[in-house]
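Below is one structure, written out as structure tokens; comments come after it.
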Amino acid sequence: MSYKSPLLSLPGAVPAEAPDEGVAAHYGDLFREQRTLADGGGLVDLSHRGVVTVTGEDRLSWLHLLITQHVSELEPGRATEALILSANGHIEHALYLVDDGATVWMHVEPGTQEALIAYLESMKFFYRVEVADATAEYAVVHLPAGSIAEVPEGVVVRETPYGRDLFLPRGELESYAAAHGPAVGVLALEALRVEAHRPRLGLETDHRTIPHELGWIGTAVHLQKGCYRGQETVARVHNLGKPPRRLVFLHLDGSEVHLPGHGTPVRLAKDGEEGRQLGFVTTSARHHELGPIALALVKRNVPVDAELLAGDTAAAQETVVEP
């Protein structure tokens, strides 16, 4: 049975599409909701995301061996993010972590928690750790940076430059939203994510994406540690400085009615070269100030000043990852 958030019963709620089914895309006024978030108000229902916990005295030293981030000495309450890579260095999972002193809490993309837990369970060996799927008991709620909303006592929080992620008991979701709303849809949060050039697993990634292509080096990948699966690829590409593709930010022609969807081909806008695909749109959004915008993954050698076409829509690019 597919998930449906109780906040979808709020007035004006419009259900989101993949990969965010189960929560609201918006509640009737997309731009107002974006401005609310940008001003530090409202909350975003992310209760469709997976929640995984790791307990046990070896939890940090064990995770340190498996993920791209340095967490062996992670202080309680300090938020971080990390990736799990394949043996060839391709991104398989993105984890948004915090340790509360006894448990590592992480939220992950909707529907990915089962595969993540299966991998973690296969790597336990003799370590004193327990991995659990806490999705049925806890819902993720996002409060924007600058929010003055109170956090209930005992609720675990990830504090980041972009706001706070709360691991809220599911039974408290409706009452918390009523007390600290207004509720804001995921499309508003996505527009601000695109503006901030932040990648998302499953949208900015495909089966062969490596961290360097998306600017995840530094934020999710620690270059001074090794001993994790895929580390050889990370080190090689870092030393050579030549990832095959790079993330770009696009300002889209505002005269177009429809946004180019995920996977829309990106081509050069020069005459005679429209047929040569150079990449694809990963996420597009309508921003309350910038208008239509997008992220796209293009070949490394695409000139940084080249004017592009996203499908049939003219697009001016800004560099996110240097070629």
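The values are calculated or read from the model by the stated rules, or taken from the named source; none is laboratory data. A quick note: this is a predicted structure, and the numbers were derived from the prediction, not measured. All Cβ positions, even for glycine, are placed from backbone atoms using ideal geometry, and neighbour counts span all protein chains on display. Calculation scope for accessible area: heavy atoms of the full protein, side chains included, ligands and nucleic acids excluded. Shrake-Rupley method; radii C 1.70, N 1.55, O 1.52, S 1.80 Å.
A few comments on the model shown:
- Leading residue by the ranking (farthest from the chain's Cα centre (by Cα)) among those in the stretch 89-115 that are part of a strand (DSSP E or B) and among the acidic types (Asp, Glu): Asp99
- Test result for Thr205, among the polar types (S, T, N, Q), open to solvent by 20 Å² or more (accessible area, probe 1.4 Å) and modelled with pLDDT of 95 or more: no
- Qualifying residues in the stretch 289-305 (those that are part of a strand (DSSP E or B) and of a type outside the set (A, V, I, L, M, F, W, C)) - the one nearest to the chain's Cα centre (by Cα): Pro292
- Tally of residues being among the aliphatic types (A, V, I, L, M), open to solvent by less than 40 Å² (accessible area, probe 1.4 Å) and without any contact (Cβ under 8 Å) to a residue 40 or more places away in the chain across the stretch 128-167: 2
- Looking only at the stretch 269-297, and only at residues there that are touching a residue at least 12 places away in the same chain (Cβ under 8 Å) and among the small types (Gly, Ala, Ser), the one that is nearest to Leu247 (Cα to Cα): Ala296
- Qualifying residue in the stretch 170-177 (condition: over 30 Å from Pro152 (Cβ atoms), surrounded by 16 or more Cβ atoms within 10 Å (Cβ to Cβ) and touching a residue at least 60 places away in the same chain (Cβ under 8 Å)): no
- Residue, nearest to Gly50 (Cα to Cα), within the stretch 137-169, restricted to residues that are β-branched (Val, Ile, Thr) and touching a strand residue (DSSP E or B) at 6+ places or on another chain (Cβ under 8 Å): Val140
- Restricting the first member to the stretch 298-323 and to residues that are open to solvent by 70 Å² or more (accessible area, probe 1.4 Å), and the second to residues that are charged (D, E, K, R), the beta-carbon pairs closer than 7 Å and six or more apart or on different chains are Lys299/Arg245; Arg300/Lys242; Arg300/Arg245; Arg300/Arg246.
- Inspection of the stretch 141-156 identifies no residue that is among the acidic types (Asp, Glu), assigned to a loop (DSSP other than H, G, I, E, B) and either assigned by the TED database to the domain that holds Gln113 or in contact with a helix residue (DSSP H, G or I) (Cβ under 6 Å, 6 or more places away or on another chain) (or both).
- Screening Arg286 with (1) more than 23 Å from the chain's Cα centre (by Cα); (2) of a type in the set (Lys, Arg); (3) in a strand (DSSP E or B) gives one miss only, at (1).
- Unmet requirement for Ser72, which otherwise passes all of (1) assigned by the TED database to the domain that holds His180; (2) out of contact with any strand residue (DSSP E or B) (no Cβ under 7 Å at 6 or more places or on another chain); (3) polar (S, T, N, Q): (1)
- All strands (runs of 3 or more DSSP E) inside the stretch 1-88 with 1 or more residues being closer than 19 Å to Asp165 by Cα, in contact with a Gly (Cβ under 8 Å, 6 or more places away or on another chain) and open to solvent by less than 50 Å² (accessible area, probe 1.4 Å): 24-26, 43-46, 50-55
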